[in-house]
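Down below is the structure, laid out as structure tokens.
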Amino acid sequence: MRTIVHLSDIHFGRVDEAVVGPLIETVNQIAPDLVAVSGDLTQRARSHQFKAARAFLDALPQPQIVVPGNHDVPLHNVFVRFVQPLNKYLRYITSDLRPLYYDDEIAVLGVNTARSFTIKGGRINQEQVDWMRSRLCALDPKVVKIVVTHHPFDIPEGHDERNLVGRARMAMERLAECGADVFLAGHLHVSHTTHSARRYKIKGHSALVVQAGTATSDRGRGEANSFNVIRVERPNISIERLEWQPDRKSFASAETENFRHTAEGWIRVEKT
């Protein structure tokens, strides 16, 4: 079995400081095999915010897969936004915009969907999909294949369709040919798990699309700070949401969803 902690939308510059320490402690107690961070490490891509994010990541277990979000691209400095949009991210967080982790049970790829020309939206392009296919298609079918982006491949009902990552359908169709199993994202500050078959309807393929809420930001949009713990033991995956409990000053399990892989893809087994 492999355990992945999925964090998103850290937003240093707008964090609830009461949450940060207990979050670090809880993740270290879980001792995951991998930590995946799906973007927006900062609020406004300031140097001091990236330094705080760097210290936060250094306090978490390794290895890590980290991708940038739209907030990690400077908003007000137009020159830097278009000429060196991820300069500070590359300096303080990681120079690897195509992070990859794999072992004999899981393969996890990170892809940058943040773009200079849009304030909130994101996009995935053909070159990125080709790179992912070159890594995923050759793997043993028993390996669970996981993609990490900031912008989501699906959204909860009632949310603006413009929040979907651009060219999502092209990417999903091509990655389905490689048996992509799980898509992790953030962006909306809302926890959500669904099946790709609901939106994309690709015969014989149903991946899990898993959204994490904001782990530490004070902009929860009606939802408590939270993160996901994903336990993978093919043909089973469980996704547990741990939620901040202000009265207890700790994170506690709020919900666990269980899935099993079948000939038609991943299906929900039960919900507790």
Inset, instruction - With respect to residue 123, determine if the residue is within 30 Å of residue 46 (Cβ to Cβ), of a type in the set (Lys, Arg) and touching a helix residue (DSSP H, G or I) at 6+ places or on another chain (Cβ under 8 Å). - result: no
Legend entry - Which numbered condition residue 183 fails, given (1) under 19 Å from the mean Cα position of the chain (by Cα); (2) in a helix (DSSP H, G or I); (3) at pLDDT 95 or above: (2)
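Considering 155, 146, which residue is surrounded by 22 or more Cβ atoms within 10 Å (Cβ to Cβ) and under 17 Å from residue 99 (Cβ atoms)? Before the answer, list the steps.
On the way: 155 fails: under 17 Å from residue 99 (Cβ atoms).
Matching residue, one of 155, 146: 146.
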Legend entry - Filter result (free of Cβ contacts under 8 Å to residues at least 60 places away in the same chain and more than 16 Å from the chain's Cα centre (by Cα)) within the stretch 97-119: 102, 104, 115, 116, 117, 118, 119
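In the stretch 1-48, which residues are of a type in the set (Val, Ile, Thr), in a strand (DSSP E or B) and more than 29 Å from residue 115 (Cβ to Cβ)?
Of the residues in the stretch 1-48, the ones of a type in the set (Val, Ile, Thr) are 3-5, 10, 15, 19-20, 24, 26-27, 30, 35, 37, 42.
Next, only the ones that are in a strand (DSSP E or B) stay: 3-5, 15, 35, 37, 42.
If the condition is that a residue be of a type in the set (Val, Ile, Thr), in a strand (DSSP E or B) and more than 29 Å from residue 115 (Cβ to Cβ), then 3 is the only one that fits.
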Legend entry - Candidates 109, 60 - the one that is touching a helix residue (DSSP H, G or I) at 6+ places or on another chain (Cβ under 6 Å), modelled with pLDDT of 95 or more and part of a strand (DSSP E or B): 109
Legend entry - Flag if residue 95 is more than 26 Å from residue 259 (Cβ to Cβ), at pLDDT 95 or above and among the small types (Gly, Ala, Ser): yes
Inset, instruction - Check whether at least one residue in the stretch 126-138 is assigned to a loop (DSSP other than H, G, I, E, B), surrounded by fewer than 22 Cβ atoms within 10 Å (Cβ to Cβ) and either touching a strand residue (DSSP E or B) at 6+ places or on another chain (Cβ under 7 Å) or of a type outside the set (A, V, I, L, M, F, W, C) (or both), and report yes or no. - result: no
Legend entry - Residue in the stretch 127-176 that is farthest from residue 112 (Cα to Cα), counting only those that are without any contact (Cβ under 8 Å) to a residue 12 or more places away in the chain and among the small types (Gly, Ala, Ser): 158
Inset, instruction - Could you check residue 193 against (1) on the phi > 0 side of the Ramachandran plot; (2) touching a strand residue (DSSP E or B) at 6+ places or on another chain (Cβ under 6 Å) and say which number it fails? - result: (1)
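Condition check: touching a residue at least 12 places away in the same chain (Cβ under 8 Å) and touching an Asp or Glu at 6+ places or on another chain (Cβ under 9 Å). Does residue 47 satisfy that?
Against the criterion (touching a residue at least 12 places away in the same chain (Cβ under 8 Å) and touching an Asp or Glu at 6+ places or on another chain (Cβ under 9 Å)), residue 47 does not qualify.
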Inset, instruction - Starting from the stretch 6-26, take each residue that is within 20 Å of residue 211 (Cβ to Cβ) and list its partners that are surrounded by fewer than 19 Cβ atoms within 10 Å (Cβ to Cβ) and among the β-branched types (Val, Ile, Thr), counting only C-beta distances under 6 angstrom and pairs at least six apart or across chains. - result: none
Inset, instruction - Quick one: residue 51 ticks every box in (1) closer than 15 Å to residue 39 by Cβ; (2) at pLDDT 95 or above except a single one, so which number is it? - result: (1)
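The values are calculated or read from the model by the stated rules, or taken from the named source; none is laboratory data. This structure is a prediction, so every number in the text was calculated from the model and none was measured. Heads up, the Cβs are rebuilt from the backbone with ideal geometry, glycines too, and the neighbour counts pull from every protein chain shown.
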